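Some notes on the structure that comes next.
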């Protein structure tokens, strides 16, 4: 409940302080005196989007609420007996909000404000035309908040899974193509059995093989020439030694010794040649195999634009990891489809339970609203709430053998229908309800809701527009009774409503300042007389004012 409201430096609301009563609070005053600005200031305090006049200096709006609603207590870090809200409005347009002297975010403030104050004006009453608002009212009456919260949690999970599944299915062709390409690369690199050490060995071997053939041919030629040809040096040396040994001369003996030494060295050289030739002569199959293996390495290095074999190995690991991830993605698709189908079934069941609950509450709420409309003077009006399934033959989601649309609120829509005369058909509110009728329907709905749930403070700004005479009297009496269950702050111009039992505040301008005071019994007579007859109201208007007050009390 709103206990008090204080406003400082907001346009002509320079220093306003009001303490509100727990039931009906009536506000009257001259046009342009600041009544609506009072409500706009309260809206700004609660984080609503409102239009305020330009500011020259910082303005402050403060309010106290007590007791604290249980739903708000659940949002607080520590239990509190009273809530003190403050809003600092800066000339730059920026706002700063505080709860019990601690800064509070706008989102948290709006969540709390939902349970504290509900502001209705002629503009807000137009919400009754909106199907979403009508559904919210019915759900509140049916006390469906836990069921709707559970459904919406499932719906969010379902939409996320749907998006994930659509994304996976949408990229299946691309994934299949990528997998095919990756598999070819991984298989090729895996089959190659790459090793930096092997490549280094092959590189050394191939380098030797480049010279080995020429070296072998040359060695063979000279080995044969030195030892086997007719003019072989070994043979010539042997014959020279044999010929010279016939002469026993010391000088010739020295020459013979040199020739023997040369022949011995040449024999060793040719023997070494033979030995080397036996090692240089490789198995042709082994040579061809080494060449092929070396060529494979070089082909892969060129194909994958790698400088070293280690880079090829890193690329192989990268491709293999990507392939495994894509294979897991493909393998997860079928379980994901089963999960999605199961979640869709659960969502449809929850939507059906919501529909059943709405159907059950619709008739009860319509009966209560119609009874209240009779109290408000719409004796011939008939009120009906239609709960209709959102059918769609093309939808893949089926319930009771028919396609349905799944929305964040189920698969059924709510529509309020009104019949203003017995012989008229039921029609949507937008087609038949006038402004005055809308105001009375809104009040009837609030009265019905107040029977079931604890409503926040209702702020009604000229909701009685379009009424007069008997209609105004009935609405006044209705508001007084409704205020027994919920705190109401009401701006009115109608004497029959202003005369109802409750706290009465008058708003007027003195120069550039707005004054607000709570009226005494005698001041109420004068104010209601002014509403009846204008500023120059005489004794007759005052007598009529006293009669209205007497009837209301």
Cα Rg over Rh - the stretch 34-75, Kirkwood: 1.07
Projected area of the stretch 297-366, taken from the Cα convex hull and averaged over every viewing direction, in nm²? 8.2 nm²
As an exercise, find the ratio Rg/Rh for the stretch 95-212 from alpha-carbon atoms, using the Kirkwood inverse-distance average for Rh. 1.49
Highest mean first, what order results for 388-394, 471-477 on Cβ atoms within 10 Å? 471-477, 388-394
Taking 25 Å as R0, compute the FRET efficiency from the Cβ-Cβ separation of residue 332 and residue 400 and round it to 0.05. 0.20
Placing each pseudo-label 7 Å from Cα in the direction of the beta carbon, residue 341 and residue 76 end up separated by a distance in nanometres of 5.2 nm
Translational D (Stokes-Einstein, µm²/s) of the stretch 393-441 at 20 °C and 1.002 mPa s when Rh comes from the Kirkwood sum over C-alpha pairs? 158 µm²/s
Expected sort for 186-194, 542-550 on mean C-beta neighbours within 10 Å, highest first, is 542-550, 186-194
Measure out, as a whole number of angstrom, how far apart the alpha-carbon centroids of the stretch 374-411 and the stretch 70-111 sit. 38 Å
Alpha-carbon centroid distance for the pair the stretch 25-55 / the stretch 415-456, whole angstrom: 27 Å
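I'm checking a number: the convex hull volume of the Cα atoms of the chain, normalised per residue, in Å³. What is it?
274 Å³
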For the chain, what is the percent of antiparallel DSSP beta bridges, rounded to the nearest 5? 70 percent
For the stretch 142-275: span of alpha carbons on each principal axis (Å, largest first): 143, 25, 14
So the FRET efficiency between residue 96 and residue 22, C-beta based with R0 = 25 Å and rounded to 0.05, is 0.25
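Expected output is a single nm value to one decimal: the length gained when fully extending between residue 275 and residue 510, i.e. 0.36 nm times separation in residues minus the C-alpha distance. What is it?
71.8 nm
By per-residue mean of other Cβ atoms within 10 Å, what is the highest-first order of 344-353, 459-468, 98-107? Could you put the intermediate results ahead of the total?
Details: 344-353: 17.2, 459-468: 21.3, 98-107: 11.8.
Ranked from most to least packed, the peptides come out as 459-468, 344-353, 98-107.
Do me a favour and compute the ellipsoid semi-axes for the stretch 164-240 from its Cα gyration tensor, root of five times each eigenvalue, largest one first, whole Å.
Semi-axes, largest first: 67, 10, 6 Å.
All of the numbers you see were taken from the coordinates with simple rules; none came from a lab. On a predicted model such as this, the values are computed, not experimentally measured, just so you know. Don't worry about glycine lacking a Cβ; one is built from the backbone with ideal geometry, like all the others, and counts go over all protein chains shown.
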